[in-house]
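Asker: Pasting a structure here, questions to come.
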Amino acid sequence: MKKILILALTVLAAASTFGQVKHKQTLTLEGARTVIEAAKEYARKNNAPGGVIAVVDDGGNLIALERLDGTFSAGANISVGKAKTAVMFKRPTKVFEDIIRNGRTSMVALPDFTPLQGGVPIVVGDEIVGGVGVSGAASAQQDEELAVAGASALTNTRSAAVRFFGSDSVREAFSKGAVIEDGSNGGNYMVHASRREAAGMSEVHELDTDIIYVLDGTATFVTGGESVDAKQIAANEFRGSAIKGGEERKLVKGDVIIVPKNTPHWFKEVGGTFLYYVVKVR
């Protein structure tokens, strides 16, 4: 009778917490070392110079850090800061570097914030289990490449989660032009709900291929040629006033056009409101 009573109390206790807590995945030391080794392997294959690779858990606590030969002394603190920032804000740190570069300098006042390219979340399934930060490679872009390579070692061990965006959220995104998926779930792509009502600047993406599907409206689109007065506005991103030469096309509803990376492209003319999906693949 006593054993039955204890069992009943145990069941009741478990039932009382059902729905109030959930199980979550935890990044282990072994997992952190896997991330570091993957980043180091990428560095070896790409002849990257010294650097520091830091891995934190989902609370921003340091799990493991490795400093490669020849790295400057401040690299350790910077790499940890990048990893923490990626976890705490659930975004690659390049996002914040670009935001600040584009004028929102007040973000630098945030505490425990390192808005420097080279930190990415580590995503397994649909959960962020940690973050990796790299500092001291040949460039900010290479810092990020090493970090992505490290995070991918765990991201690719399980199938990615299905992503669903309801019609209301998509309609709202198109009403102002917005990013639907920013790649923070570990994918090598981004999805934009884009809206134009006037011509734009010429663009060149060194790393991203643009897949464009026209949803509504018309536009004159120029590809190839030479970007006029091109200036770098972010890492691997250039803008210019127009395109000299190139091939013109009239885009209409239902058209699809693929613009490979490093290809100048320009919306020369837009007829009214022009709505289009852009999938950026890296």
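Asker: For helix 29-45, report the angle its Cα long axis makes with the longest principal axis of the Cα atoms of the chain; keep it between 0 and 90° and round to the nearest 10°.
Answerer: 30 degrees
Asker: Under 18 Å from the 7 Å Cα→Cβ point of Gln141, by amide nitrogen: which residues of region 188-208?
Answerer: Backbone N within reach: 188-190, 203-208.
Asker: May I ask you to compute the full-extension gain from Asp168 to Glu197, defined as 0.36 nm times their residue separation minus their alpha-carbon distance, rounded to one decimal in nm?
Answerer: Roughly 8.3 nm would be gained on extension.
Asker: Taking a ≥ b ≥ c as the square roots of the eigenvalues of the Cα gyration tensor of region 154-282, is the shape rounded (a/c under 1.5), prolate (a/b larger than b/c) or oblate?
Answerer: Note, shape of region 154-282 comes out oblate.
Asker: Would you list Lys280, Lys82 from fewest to most Cβ contacts within 10 Å?
Answerer: Result, fewest neighbours first: Lys280, Lys82.
Asker: So, one more: Rank by packing, highest mean first: peptides 124-134, 268-278, with packing defined as the count of other Cβ atoms within 10 Å averaged across residues.
Answerer: For the peptides 124-134, 268-278, the packing ranking is 124-134, 268-278.
Asker: While we're on this one: Could you check which residue among Gly224, Gly200, Gly254 shows the biggest mean-square fluctuation in a GNM of the chain with a 10 Å Cα cutoff?
Answerer: Maximum fluctuation in the GNM of the chain, among the listed residues, is at Gly254.
Asker: Going Cα to Cα from Lys24, which lysines come in below 17 Å? Please leave out same-chain ones fewer than 8 positions away.
Answerer: In chain and number order, the partners are Lys90.
Asker: Continuing with this model, one more query. Find the Rg to Rh ratio for region 29-155, where Rh is the Kirkwood radius over alpha-carbon pairs and Rg uses the same atoms.
Answerer: 0.95
Asker: Loop-only GluC sites (Glu not before Pro) in region 136-241, please: DSSP not H, G, I, E or B, and at most 14 other Cβ atoms within 10 Å.
Answerer: Qualifying residues, ordered by number: Glu197, Glu206.
Asker: Distance check, please: which entries in Lys231/Lys253; Lys94/Lys231; Lys231/Lys261; Lys84/Lys176; Lys40/Lys261 exceed 24 angstrom between their Cα atoms?
Answerer: Exceeds cut-off: Lys231/Lys253; Lys84/Lys176; Lys40/Lys261.
Asker: May I ask for the angle, rounded to the nearest 10°, between helix 140-155 and the longest principal axis of the chain, with both axes built from Cα atoms and the value confined to 0 to 90°?
Answerer: The answer is roughly 50 degrees.
Asker: Show me the three semi-axes of the equivalent ellipsoid for the chain, from the C-alpha gyration tensor (sqrt of 5 times each eigenvalue), largest first, rounded to whole Å.
Answerer: 40, 27, 16
Asker: At a 10 Å Cβ-Cβ cut-off, how would you order His265, His192, fewest neighbours first?
Answerer: Arranged by neighbour count, lowest to highest, His265, His192 become His192, His265.
Asker: Please work out how much length the chain gains when fully extended from Thr273 to Arg44, using 0.36 nm per residue of separation minus the C-alpha to C-alpha distance, in nm with one decimal.
Answerer: The Thr273-Arg44 span can extend by a further 77.6 nm.
Asker: If I fit a long axis through the Cα atoms of helix 75-89 and take the longest principal axis of the Cα atoms of the chain, what angle between them do I get, 0 to 90°, rounded to 10?
Answerer: 90 degrees
Computed from the coordinates by the stated procedures, all read-outs in this text should not be read as laboratory data. What you are looking at is a predicted structure, and each value in this text was computed from that prediction instead of being measured. FYI the Cβ positions are ideal-geometry reconstructions off the backbone, even for glycines, and counts take in every protein chain you see.
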